[in-house]
């Protein structure tokens, strides 16, 4: 979500008041120096949350940002956000500063549902999609599907998949000093390996520049467009998406 003038943000929050129920922060823990787990409690029925959907927070006077829950418990009326906190943007400051007991308005959830008819699912992502990986793993495994995550992470986050309980994943370390955008060397991108997953669904999330490269590579390897679900979370140099 891009930045807007304060008066417009105030108007949006007032106009959408009935669609922005208030949730209380009931948990706030640092998993490592850049990943923070925040748990919110409130009336989940008002959010229409589904696995993979995003909700928006007003993170400053003139900025809204989207986040995807990593865990939803309808019985306890709680959801969790795994916030990747890096840099000094408004979203990072907002989640870094949240404290227990704060009352936070949250927008109704929205998103595109991924088809559930495939047998195999692959999620490509980075630090910003760790929460998405957690909730989709739980969702698809409950449906009896194979779910695997292809993670392109910086060197300080290599332990995160195991720490978060991801059970099927492949890691490729990202060099943050690398100026070029390239297709990470996941084994699935081998022309002989890809044939085994010809009918799989591929979910591409995170850095929009890498998503473009990976989508092009999947198409080159024979994967059809209808099998690719792309959700860019961020693009270097752009404010909000």
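The values are calculated or read from the model by the stated rules, or taken from the named source; none is laboratory data. Since the model is a prediction, treat every value here as computed from it, not as a measurement. In this analysis, Cβ positions are derived from the backbone assuming ideal geometry, glycine residues included, and neighbour counts consider all displayed protein chains.
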- Item | region 198-211 - residue that is modelled with pLDDT under 95 and over 16 Å from the mean Cα position of the chain (by Cα) and, of those, surrounded by the most Cβ atoms within 10 Å (Cβ to Cβ) | 200
- Task: Pick out the one residue from 44, 49 that is surrounded by 14 or more Cβ atoms within 10 Å (Cβ to Cβ) and either touching a residue at least 60 places away in the same chain (Cβ under 8 Å) or touching a helix residue (DSSP H, G or I) at 6+ places or on another chain (Cβ under 7 Å) (or both).
- Result: 49
- Note on the structure: Note on region 90-130: residues in contact with a strand residue (DSSP E or B) (Cβ under 9 Å, 6 or more places away or on another chain), free of Cβ contacts under 8 Å to residues at least 12 places away in the same chain and closer than 17 Å to residue 67 by Cα are 92
- Mind checking whether some residue in region 175-197 is surrounded by 13 or more Cβ atoms within 10 Å (Cβ to Cβ), in contact with a helix residue (DSSP H, G or I) (Cβ under 6 Å, 6 or more places away or on another chain) and either more than 17 Å from residue 126 (Cβ to Cβ) or in contact (Cβ under 8 Å) with a residue 60 or more places away in the chain (or both)? no
- Message: Taking the conditions exactly as written (buried (at least 20 other Cβ atoms within 10 Å of the Cβ) and without any contact (Cβ under 8 Å) to a residue 40 or more places away in the chain), does residue 79 satisfy them or not?
- Response: no
